[in-house]
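K.L.:
For reference, the structure I am asking about is given below.
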Amino acid sequence: MVLQLWETLKEAITAYTGLSPAAFFTVLALAFAVYQVVSGFFVSPEVHRPRSMEVQPQSEPLPPPVQLGEITEEELKQYDGSDSKKPLLMAIKGQIYDVSQSRMFYGPGGPYALFAGKDASRALAKMSFEDQDLTGDISGLGAFELEALQDWEYKFMSKYVKVGTIQKKDEEGKESSEPSETIADSKEGPSTTNTEEEASAVTHDETSRSIDEKTAETIEKKDVVDGDAANE
């Protein structure tokens, strides 16, 4: 069936064009090539501009890092990337860094997203993704793990901006606060002053009594002397 159609087509080409089938298809290919070349002169160059030359939409520039000073671990959790309006922060060995420029890694959906908003020193040292290792406690780590953590710290120091520190905790697990010590000192101040005033008052009373006693003895001696002189 196909061969019959092909033979019929060749006979038609020869009958209507006077050319052999090979010559006919060659002329047809040349005509198509000429059409493509000629049409290129009349079409706007923007149509044929490659995609690589097209202007890509620029992403919005990141805001400058904001210095936070000393904050607690609970406050640091607010900067885990869940709020796109806030910077993306992460801490190593108590030092907080702005990692917003690497949101694809530390932001939501990134491979290291669980480190964001935390001090992940132990997890980075052990290259662990366990919840119990998402802490700044590095006690008990080996030399190799501490060296790995040091490499991470150098990387962050060279690539990201430090924006604050994590508030240290006292022995009872509470955040230390200098104002509380000041308040305690202020409370102790009045009591110390009152004690000094009481001691001063006691000393004054004793001094007054001693002076009164000496004055009375002097008066008695004078009376005795005057009496003896009158008798004489």
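The values are calculated or read from the model by the stated rules, or taken from the named source; none is laboratory data. These figures come from a predicted structure and were not determined experimentally. FYI the Cβ positions are ideal-geometry reconstructions off the backbone, even for glycines, and counts take in every protein chain you see. To get the accessible areas, we keep the full protein, side chains included, count just its heavy atoms, and leave off ligands, DNA and RNA. Shrake-Rupley method; radii C 1.70, N 1.55, O 1.52, S 1.80 Å.
K.L.:
Tell me whether the range 128-149 contains one or more residues that are open to solvent by 70 Å² or more (accessible area, probe 1.4 Å), more than 20 Å from residue 96 (Cβ to Cβ), assigned to a loop (DSSP other than H, G, I, E, B) and modelled with pLDDT under 90.
P.N.:
no
K.L.:
Out of the strands (runs of 3 or more DSSP E) lying entirely within the range 59-125, which hold 1 or more residues that are surrounded by fewer than 18 Cβ atoms within 10 Å (Cβ to Cβ) and under 13 Å from the mean Cα position of the chain (by Cα)?
P.N.:
Details: elements: 69-71, 89-92, 95-98.
In the range 59-125, 69-71 are the strands (runs of 3 or more DSSP E) which contain 1 or more residues that are surrounded by fewer than 18 Cβ atoms within 10 Å (Cβ to Cβ) and under 13 Å from the mean Cα position of the chain (by Cα).
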